[in-house]
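Only one structure is covered here, and it is reproduced in the block below.
The values are calculated or read from the model by the stated rules, or taken from the named source; none is laboratory data. All figures in this text were calculated on a predicted structure; none of them were measured in a lab. With ideal geometry, Cβ positions are generated from the backbone for all residues, glycine too; neighbour counts draw on all protein chains shown. Quick note on the areas: whole protein, heavy atoms, side chains included, nothing else; ligands and nucleic acids left out. Shrake-Rupley method; radii C 1.70, N 1.55, O 1.52, S 1.80 Å.
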Amino acid sequence: MKVTSHQIETWAVGKVKDVFSRSSRIQSFIPSGDKEPAWDGCIHIESDDKSRRKISIQVKGKTCRSLPKNPSYPVKVYNLKSYLKNGGVLYCVVFILKEEKLLYYAKLTPIKLKKIIEKAKDQATISIPLCKYDKDVAEMEMEMIAFDDDCKKQTSFIDAPIMTLDEAIKNGCKISFSSSFTQKENGNCVFSEEPVYLYAVMEGGGAKAYYPIGDQRYKIAVGPHIKEDVVANGKTYYKEYTLFSSGDERTLCIDNVVNIHYHHIDGKAQQAKTKISSKARMLSSKIYELHFIQDMFISGKVNFGQNLFELKNTTKSQINLVSTELDYWIKARELFDRLNITEDIEIGRFSEVDIGNLTILIDAILDSKPISNQQDLNTVACMDIDKYKILLLTEKNKDGTYTISDFFGAADKMYWAYKEGDEERLKTSMFTVVFNHPDFKYFSNVDYSKMLLSYEEAVSHNPSLPKRANDDMLMALKAYDSMQKKDDKMYNAILSLNSWIIEKSLITNKPLHIVNKYQIIKRKRSLTKDEAQELCNILLLPNLGAEMKTAIHLLLDNKTMANISYEEMNAEQQALFDSFPISMFRKDNIL
């Protein structure tokens with residue numbers, strides 16, 4: 001007897017309903033004989049918080065004498081576009097073999113639909129691969145919830161550019177995925193090994209968004225941490241490792257450094273594959289991992305607790321490559337220390353240009369190599385390595401090459417001077433150059449420990465230096481004020497320079513520098529009673545200008561008197577006052 005299309009559809013819908021009816025949390029709404037061209041209905045699933053989720057579903061039936069080796073089903077591309085617009089669909093195909101009915105399916109999330117549509121190009125129809133539906137009830141429920149989560153997260157970003165996993169890691173994004181443990185009938189909890197989509201967590205304004213990573217799903221593995229020493233060449237590098245198991249297959253893993261895959265047969269380990277690499281993003285971790293790899297290669301083996309694994313076919317060339325890379329990053333750490341940058345460095349962010357600049361500075365500063373450059377370099381120059389801006393001193397050699405040095409390690413070679421009007425050049429500190437540089441607040445290698453020594457050495461040649469130092473200090477204070485994230489080292493340096501200025505200044509100039517001291521302090525805290533009294537005493541001095549009165553009243557929070565004193569100045573004086581760092585208190589307290 002010939003089987004009609006209506007019978008095939010009825011059998012297919014019945015099979016799907018039967019599968020989902022095993023769950024008390026899932027309800028099927030799939031009418032037979034519907035005329036909807038794209039999808040047949042939906043299923044509702046109850047979440048753990050009792051809310052209900054709706055998942056669109058398409059059901060197809062197909063009779064066949066035997067099951068295809070690689071089951072798939074042809075779908076019209078315009079239907080796929082409808083599914084994409086609708087936010088995804090659960091595509092179910094029931095293969096009917098005489099009395100047997102087998103359910104296969106494809107979870108068509110927006111990302112997967114987009115990929116299939118792009119693959120179809122100009123085709124009107126494309127076959128989609130199918131998976132056998134062989135889940136137990138708990139797995140089925142969690143899989144449907146995860147599928148619905150993925151559809152919702154991907155819908156908002158379907159027209160956005162694809163972010164790769166490497167980009168997400170390089171940008172320091174938190175990575176999220178939906179997976180779960182399911183409880184079996186025997187009471188054991190098992191982690192779902194189903195591949196998952198990854199998302200970069202974007203946070204802003206108190207809200208979170210989940211940006212899809214890649215155009216595929218990723219396999220997530222879970223394994224216990226084994227508290228045993230990992231030893232290479234007689235040195236203990238790690239106190240634990242992770243063991244992943246699947247049947248008789250085992251994988252021993254240490255971060256992203258070592259993966260040893262083997263078969264555990266009859267109680268013995270038969271090594272199958274070993275993968276060794278360092279993907280550390282932080283400089284300290286990179287150096288540590290390369291030391292570990294170097295010792296593994298030199299000894300040709302590694303111990304995981306009592307388990308010894310030999311590294312076969314390790315060559316001298318491999319050892320040399322690791323040693324060369326290790327030496328490079330050790331030098332990089334030495335360079336950053338020399339540049340007064342002591343934090344751990346996120347080398348995973350470095351571009352090719354950053355690596356090139358890093359190599360130049362290693363050659364120039366650590367190895368004292370002359371550097372060739374096609375363009376002329378300024379005596380005071382800057383070089384960027386990722387977020388670090390390095391202030392440098394360059395000297396042109398007779399052969400056209402340059403000697404490049406850390407500015408703060410070589411600036412004492414130079415005679416730094418300034419000129420006021422028609423006067424002769426007056427000696428000053430190298431920090432006059434630093435504080436007046438337009439990029440000063442971005443410099444990463446400023447060595448403030450040399451600041452006072454530099455001014456002290458210059459003042460012996462230039463008694464009027466405290467006035468110049470005060471101008472420098474105010475420029476530094478303006479840079480500090482403009483920073484979103486305040487630099488405490490810079491603040492403390494400004495405060496100590498002000499104290500040096502007060503100590504070295506003539507008695508007639510001290511009131512001005514004392515007022516500056518308190519404007520620096522007030523950026524961090526309120527003034528004490530004794531500090532306020534000292535400012536009040538300065539107000540009593542004869543012939544005190546309107547600028548000083550305005551500044552003192554601002555620091556004492558006397559808004560009305562500050563405005564009265566400000567109005568005593570002419571327009572030119574007001575413009576000059578507004579250019580000074582003290583004006584920030586007027587802007588905050590203007591009536």
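Counting Lys +1, Arg +1, Asp -1, Glu -1, what net charge surrounds Tyr448 among other residues with beta carbon under 12 Å of its beta carbon?
Charge balance in the 12 Å sphere: -1.
With the alpha-carbon atoms of the chain aligned to their principal axes, the span from lowest to highest coordinate is 117, 68, 50 Å, starting with the largest.
In loop segments of region 521-591 as defined by DSSP, the trypsin sites (Lys or Arg not before Pro) with at most 11 further C-beta atoms inside 10 Å of their C-beta are Lys524, Arg525. Each label was represented as a point 7 Å from its Cα along the Cα-to-Cβ direction; for Leu366 and Lys219 these points are 3.9 nm apart.
Would you mind working out the accessible area per residue for region 55-206, using a 1.4 Å probe, and quoting it in Å²?
In whole numbers, region 55-206 has 54 Å² accessible per residue.
In the context of the full protein assembly, Asp215 retains an accessible surface of approximately 70 Å², using a probe radius of 1.4 Å and ignoring ligands and nucleic acids. For the listed peptides 123-129, 400-406, a ranking on the average number of other beta carbons within 10 Å per residue, highest first, reads 400-406, 123-129. Taking 7 Å steps out from each Cα toward its Cβ at Lys121 and Ser499 produces label points 7.4 nm apart. Mean separation of Cα pairs under 8 Å and 6 or more residues apart, divided by the residue count, gives the chain a relative contact order of 5 percent.
Using R0 = 56 Å, the C-beta based FRET efficiency linking Asn303 and Tyr78 works out to 0.40. Largest accessible area first, the listed residues Leu97, Leu108, Leu512, Leu576 line up as Leu576, Leu512, Leu97, Leu108 when surface is computed with a 1.4 Å probe on the assembled protein chains. Multiplying the residue separation of Gln271 and Thr560 by 0.36 nm and removing their Cα-Cα distance gives an extension gain of 95.7 nm. Checking the Cα-Cα distances for Lys427/Lys450; Lys115/Lys275; Lys76/Lys121 against a 24 Å cut-off, the pairs over it are Lys115/Lys275.
Between Leu539 and His261, the modelled label-to-label distance comes to 7.9 nm, taking each label 7 Å out from Cα in the direction of the beta carbon.
Extension gain, Glu167-Thr528: 0.36 nm per intervening residue step, less the Cα-Cα distance, totals 124.9 nm.
Provide the FRET efficiency to the nearest 0.05 for the Asp159-Glu203 pair, computing r from the beta carbons and using R0 = 25 Å. With R0 = 25 Å, the Cβ-Cβ based efficiency is 0.70. Length available on full extension from Glu310 to Ser245: 0.36 nm per residue minus the Cα-Cα distance, which gives 21.4 nm.
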